[in-house]
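Colleague: Once you've had a glance at the structure underneath, I'll fire off some questions.
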Amino acid sequence: MSDETKISDADVLYVAELANLELTAEERTRLAKDLNSILDYIDLLNELDTSDVPAMAQISDRYGSAEKSGSTKFDYAQRQDVLRPCLPHEAALQNAPDSDGEFFKVPKVIER
């Protein structure tokens with residue numbers, strides 16, 4: 001494992017801003033430490049020689065139909081769409097806490 005820091009506080013701050021998260025300085029420090037620990041472990045795993053390890057097959061192949069292939073292999077697990085009558089527009093809006101008569105009105109949840 002390396003002592004080199006791969007994830008800086010600035011990196012954590014940047015990702016937190018993208019995710020619209022507010023982190024304290026303590027949380028940023030702990031998160032940077034945790035992420036660096038994960039990357040160190042991945043580096044350790046990358047040191048393993050896997051050249052003699054055969055590639056794994058898809059696990060889901062054991063449940064699919066052997067005589068079918070490609071996109072039809074798992075047809076048994078899907079059902080056909082059934083068209084049913086929709087709720088009338090007026091009835092859908094009838095119990096809405098707020099609407100403009102045509103659309104539902106919802107509170108703004110993201111402010112920047």
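Colleague: Quick one: length gained pulling Thr29 to Leu45 fully straight, 0.36 nm per residue minus the C-alpha distance?
Modeller: Here the segment from Thr29 to Leu45 would lengthen by 3.3 nm.
Colleague: For Ser99, enumerate residues with amide H under 5 Å from its amide H, sequence gap 5+ or separate chain, H modeled in the peptide plane.
Modeller: Here the answer is Lys105, since their amide H atoms fall under 5 Å of that of Ser99.
Colleague: Pop out the ³J(HN,Hα) list for the stretch 93-103 in order, Karplus 6.51 cos²θ - 1.76 cosθ + 1.60 with θ = phi - 60°, rounded to Hz; leave Gly and Pro as x.
Modeller: Calculated HN-Hα couplings, in order: 7, 4, 9, 5, x, 7, 8, 9, x, 10, 10 Hz.
Colleague: Quick one: net charge around Ser99, please, counting Lys, Arg +1 and Asp, Glu -1 for every other residue with C-beta under 15 Å from its C-beta.
Modeller: -3
Computed from the coordinates by the stated procedures, all read-outs in this text should not be read as laboratory data. This one's a predicted model, so the numbers in the text were calculated from it and none came from an experiment. Every residue, glycine as well, gets a Cβ built from its backbone with ideal geometry; the counts of neighbours run over all protein chains shown.
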